[in-house]
Amino acid sequence: MITEDVVKFLKTVIPFQFLKEDELIAISEKTLLEFYPQNTILLKQEGPPSDNLKIIKKGSVKIYAVSNTGEEIITDYRGEGELIGYLSLFSDNKSRVSVMTLEDTLCYIISKTEMRAIIDRHPNIKDFFHQSFLKKYLDKTLEEMHSKTLNKVSGDMLLFTTPVGMLATKGVISVFQDTSIKEAAEIMTRHEISSVVIIDSNAVPVGIVTDRDLRKKVIAKGLDTRNSICSIMSVSLIKSDSKEYCFEALLKMIRYNIHHLLIVEDGKIKGIITNHDLMMLQGSSPVTVAKDIEIQQTVDGVAQISNKLNSIMDILIKEGAKASNITKIMSEINDRILKKILTLAEKKFGPPPTSYCWIVFGSEGRKEQTFKTDQDNAIICADPETLSEDEETKRYFSVFTKYVRDSLVMCGFPVCPGNYMASNPKWRQPISVWKSYFSSWINVPKTEAILASVILFDFRAIHGDFTLAEELKRHLLTSLKGKDMFLLLMAKMTVNVKPPLSFFKTFVVEKDGMHKNKFNIKFKFLSPLINVVRLFALEKRIEETSTLERIERLMESHDTIRQMGDELKHAFEFIMMMKIVHQFNQLTKGLQPDNYIDPNDLTNLEKKTLKESCQVISRVQESIENRYLLGRLSG
Amino acid sequence: MSFLFTKYKNKILQGLYKNKDIKPAVYKNLKILEEINFNCSIYDASYVVIDTELTGLDSKGDCILSIGAVRMKGGSIYMGDYFYRIVAPSVCLRPASIIIHGITPKEASECPSIDLIMPEFIDFCKGKIIVGYCIAIDIEFINKEMKRLYGFNIQNPVIDLLKMYLIIKKKKVGCDAFVDDNLAMPTANLFEIAREFDVPVQEGHNALSDAFITAQIFQRCLPALSKRGINTIKDLIMVSKP
């Protein structure tokens, strides 16, 4: 009866929550409950090790050490559901730190002997004490988050765990490349198929022929049907490896606007999957949405689809998608909306007088969009040859960009409060002006310049003449060479906002206002991580904009990231997911999504994972401080 | 003085019952005063925190309906080491009391009689100091059964949580505080005291959960007691015997 409460509590405590009920019952029967008034010393530095494991049931403690100079250094705060004395379980060394209660505190006590027996019986408990927390428990935390959010728990996560090979069971009709057009057409008719894959003598697919090709390239042009089928096939064959996950296939279908995807295994045809197969897997499909956007002819039509996109988010979250997968798919769809709007604008105002490239930046630029985010966009034009061309361009884009801005608002993308939009004349400029913008920010790194570069340097081309964006990117990366002062100031700003290291009691929450006692997950957690990664990317002059891709690239070349890259990726996934789930819950309740999270809504596992994520970020920040602010660039 | 007297009485009882045919566990209860070190610190002593549910408050007509007990050593509560028995009552359950304890007549009638439970209970209390809230009433009913079954009272030292609480609440420190009998007796019930000490309370009375609540209050009282110079078991019994 009284042990039931112990079991219930242990179910919220890491690592005990990973044990089965009967094991928890057995543990609860050997548990003591102790009470310590405020300011009780539980462990003393240099004193004997703890002879038990304490689990804080209520209250909080500080962990601290006194340095040689007599200074007290607090290393951690622990609160409800956290452990005291677990190092002593494995060593008989003197305690390295002191532990004191900050308020009246209740602890459950498990003796060292009992604890060692539990550890021997359960390897996963041992792992917890020995291994990096983040790596080990990220999945469990995400799982918990999914099941907490959703009434309907989807345990199978099909889209993200099923390799496409599993679905590609449909036989593919293929013909060898030396087959004649006539023979191929006959085969297609016999099998009642609208397309056929062309393979070489090693069964490697080399191209595809569709009904359309037969119509356009053969009949309309009167081509001899005895010719080889190779002469009319399209060679840009879009395929997926059978080991790729279904969501990756889905992404390709959205990106290329296709409904069939060829699946290859070891280079050979394995089968074909269709949008329909993926739909069967998950009930409905983002591909359909992409297609729907494609066929729209009015902004109203696009807006209607755009405003229904939360249902896709719903599917993705329920499927158990990782944050990075969700943002990839959402960014892909948002890109499509934007492209459609731009196409409609070009249709409305006629072709632009000069070539231009529409770029996006901020979270859009990093492909880290979740729900509808503020518009962050700009235009790079080709340099005008004449004054009149310049004037005409200005006139054209002045109307054009306002139309695009308003259309995007209709689709649910609010205007950027900082006015970082192409509708602002400052952000629609010829390439030469853009280059001088970037150069001046890098050469004269004032605070505003750094702020602008943080936003704009994550730019990515969406529509129009991509070579303009590529040229600007090249200019940016070359300009950065040897610009230590710029990097130094950016480094300073990067370490300015530190993620909170100890949450309990001192959890950095808003002190007043409408978000009192909540913390801002974007400002305190996500941005610091994105910022350190951007700094390193600029330092190593890497062109990728997405945080995860940057980390991936930096792991090849950057010493800090080489060591911490995996941890940083886990931390990013976790924080991003926390933000997504939070905003999704707000949306389903009919609230406007924000970034303010109430720490009381978090489970112990989430708190612990968030804490570990912060420690990773602050270790990276420390390395930045050591290198930039104390090291070679001091002064 | 009273200690010596108690011990003397106990010696006589031991002599009287030496050759009687009673269970060893019960007979052992007569030797308890020899087992307890009265100079032991209140933080090292062994306690058993008890509570009973009764059919009513009249010790002649009513009887024990359930007994709950939790073991403590110093300030530690042994979560898995508890005692809880529902007793087949010798009298009819009154509707008013059923509402309080929630034990139905049928449920109770299927339980063992107090005659079987007493030896188990005495064994659970072996070597320990009994602690309870308004413990006098519980002890009165226990002793009624003890007398009937064995002819003597339970011999464990007994301390009362309410007495202890009133001492802690009284600002004045020193002997005066202990002899002042004008202290307003039960003003606060167990749940009110529990809330004051921030001990979680679940509604409904149950001998075990009430014993556990009592134990948690006692646990929180210990630091306050030593602040008032109450350090040994002897000190504690002096000030808080019922």
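Using the Cβ of A:ASN93 as centre and a radius below 14 Å, the other residues enclosed give a net charge of +1, where K and R count +1 and D and E count -1.
Accessible surface buried by the A/B pair amounts to about 1500 Å², both sides summed, 1.4 Å probe. Mind checking the log10 I(q)/I(0) for chain B at q = 0.09, 0.13, 0.15 Å⁻¹? Debye, one equal scatterer per Cα, no solvent, two decimals. For the requested q values the scattering log ratios are -0.38, -0.82, -1.09. Accessible area ranking (1.4 Å probe, heavy atoms, ligands and nucleic acids excluded), largest first, for A:TRP441, A:TRP434: A:TRP441, A:TRP434. Restricting to chain B, compute how many DSSP beta bridges are antiparallel as a %, nearest 5. Taking every DSSP beta bridge within chain B, about 70 percent pair in antiparallel fashion. Could you work out the local net charge near A:GLU346, counting Lys and Arg as +1, Asp and Glu as -1, over the other residues with Cβ closer than 13 Å to its Cβ? Combined, the nearby Lys, Arg, Asp and Glu give +3. Accessible area per residue was computed with a 1.4 Å probe on protein heavy atoms; A:LYS94 scores about 120 Å². Ratio of Rg to Rh for the stretch A:1-131: 0.98 [Cα atoms; Kirkwood radius as inverse mean 1/r over pairs]. Taking a Cβ cut-off of under 13 Å around A:ASP465, the surrounding Lys, Arg, Asp and Glu residues balance to a net charge of -4, with basic ones at +1 and acidic ones at -1. Between B:VAL70, B:VAL48, B:VAL91, the Gaussian network model of chain B with springs among Cα atoms under 10 angstrom shows the greatest mean-square fluctuation at B:VAL91. Working from Cα pairs under 8 Å separated by at least six residues, relative contact order for chain A is 11 percent. Estimated at the nearest 10 Å², the accessible area of A:TYR86 is 60 Å² with a 1.4 Å probe. Averaged over its residues, the stretch B:3-240 has an accessible area of 47 Å² per residue, based on protein heavy atoms and a 1.4 Å probe. Put a plus charge on the Cβ of each Lys and Arg, a minus charge on the Cβ of each Asp and Glu, and nothing anywhere else: the dipole of the stretch B:3-240 about its Cα centre is then about 840 debye. Surface composition of the stretch B:3-240: carbon and sulfur atoms hold 56% of the protein heavy-atom accessible area at a 1.4 Å probe.
Annotation for A:SER67 and A:ASN124: the two label points, set 7 Å from Cα along the Cα-Cβ direction, are 4.1 nm apart. In terms of overall dimensions, the protein assembly as shown has a Cα radius of gyration and Dmax of 38.0, 128 angstrom.
Pairs of Lys residues in the stretch B:1-120 that lie 8 or more places apart, or on two chains, and have C-alpha atoms under 12 angstrom apart add up to 5.
Pairs over the 30 Å Cα-Cα cut-off, from the set A:LYS252/A:LYS340; A:LYS446/A:LYS524; A:LYS217/A:LYS270; A:LYS308/A:LYS402; A:LYS8/A:LYS243: A:LYS8/A:LYS243.
Relative contact order for chain B: 26 percent, from Cα pairs under 8 Å spaced at least 6 residues apart, divided by residue count. Volume of the convex hull of the stretch A:339-476 (Cα atoms only), normalised per residue: 103 Å³. With a 10 Å cut-off between alpha carbons and a GNM built on chain B, which of B:ILE139, B:ILE129, B:ILE22 moves the most? Result: B:ILE22 has the largest fluctuation of those listed.
The values are calculated or read from the model by the stated rules, or taken from the named source; none is laboratory data. Bear in mind the structure is a predicted one, so any value in this text is a computation, not a measurement. Please note: Cβ atoms are built from the backbone with ideal geometry, for glycine as well, and neighbour counts cover all protein chains shown. Only protein heavy atoms, including side chains, enter the accessible area calculation; ligands, DNA and RNA are left aside. Shrake-Rupley method; radii C 1.70, N 1.55, O 1.52, S 1.80 Å.
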